[in-house]
Amino acid sequence: MNVSKMLGGRSFFLGAVLFTAAPVLISQPAYAGHWGLTGAPTGGFTYNPTGSGGGGPLSPSYTASSMSFDIGAGGGGGSLTGSVSYTGTIAWVPNNGDLARDPAPASVTITEYSYAAGGAQYGATRTTSADNGLGDAPITTYYTGRGISQQTVSGSKTAAHVSTVPVTPGGSLTITRHLTDYGAITGGGSYSGELSYSVSVQ
């Protein structure tokens, strides 16, 4: 049987069309951008009286999709107040800058770790507080070994807060966080504080 004759000599032509079309479909470029995160934290520690303590500077670390910082301080003869605020803007960064060919997903996943701690050691009286900015309840622990001391902690450096949030096409999302801690003593003694936060988006 001559298939070519039955098809009027068109079998080779159809086969050629199918053969040449397949590579065109396979070679379509794939576009894959990423969620970007911008914004810098501000704040630090203050001492009462001024100069009664010290600590490291606020030195955040960045990637295209994350930000983190960890700042601590201590001193004696008064009080220590820590306060750091962060406003981050989340926006889709399309591949090759072409949002039409690489549209943003309908939602973004935000992963955060936030920790705040205030401590007070010795002294006649001690006061501590902490707020990690994510709603984790503060827990105060009291110690009696080698003098009375206490520490209040809010949040954790290892327990993540994960949320998936819708984003309008071509739009952006803003998050605002405020971490605080406080440690104070009277009648001699020392205080300490630490604020730690990290956020990543995907």
Only listed residue being part of a strand (DSSP E or B), more than 21 Å from the chain's Cα centre (by Cα) and surrounded by fewer than 18 Cβ atoms within 10 Å (Cβ to Cβ), chosen from T50, T46, T87
T46
Which residues, taken from region 103-129, are open to solvent by less than 10 Å² (accessible area, probe 1.4 Å) and more than 14 Å from the chain's Cα centre (by Cα)?
A116, A117, G118, G119, A120
Which residues, taken from region 160-195, are out of contact with any strand residue (DSSP E or B) (no Cβ under 7 Å at 6 or more places or on another chain) and assigned to a strand (DSSP E or B)?
none
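Which of the following residues is over 17 Å from G193 (Cβ atoms), modelled with pLDDT of 95 or more and small (G, A, S): G135, G72? Give the derivation first.
On the way: G72 fails: over 17 Å from G193 (Cβ atoms).
Every option except G135 fails the conditions.
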Among (1) open to solvent by less than 40 Å² (accessible area, probe 1.4 Å); (2) within 28 Å of A32 (Cα to Cα); (3) in a loop (DSSP other than H, G, I, E, B); (4) of a type outside the set (A, V, I, L, M, F, W, C), where does S198 come up short?
(3)
Selection from region 100-112 of residues out of contact with any strand residue (DSSP E or B) (no Cβ under 7 Å at 6 or more places or on another chain) and touching a residue at least 12 places away in the same chain (Cβ under 8 Å) yields R101, D102, P103, P105
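Take the residues of region 24-53 that are at pLDDT 85 or above and of a type in the set (A, V, I, L, M, F, W, C): which is nearest to S79 (Cα to Cα)? Reasoning before the result, please.
In the first step, residues of region 24-53 are kept if they are at pLDDT 85 or above; the result is 33-53.
Then keep just the ones that are of a type in the set (A, V, I, L, M, F, W, C); that gives 35, 37, 40, 45.
Working: W35: 41, L37: 35, A40: 27, F45: 10 Å.
Among those residues, the one meeting the criterion is F45.
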Filter result for T174 (loosely packed, with under 11 Cβ neighbours inside 10 Å, in contact (Cβ under 8 Å) with a residue 24 or more places away in the chain and not charged (D, E, K, R))
yes
Do we have I110 as within 22 Å of L173 (Cβ to Cβ) and β-branched (V, I, T) here?
yes
Would you pick out the residues in region 130-171 that are closer than 18 Å to G39 by Cβ and exposed (fewer than 15 other Cβ atoms within 10 Å of the Cβ)?
S163, V165, G171
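The values are calculated or read from the model by the stated rules, or taken from the named source; none is laboratory data. Keep in mind it's a predicted model, so treat the numbers as computed, not measured. With ideal geometry, Cβ positions are generated from the backbone for all residues, glycine too; neighbour counts draw on all protein chains shown. In case anyone asks, the SASA skips ligands and DNA or RNA and just uses the protein heavy atoms, side chains included. Shrake-Rupley method; radii C 1.70, N 1.55, O 1.52, S 1.80 Å.
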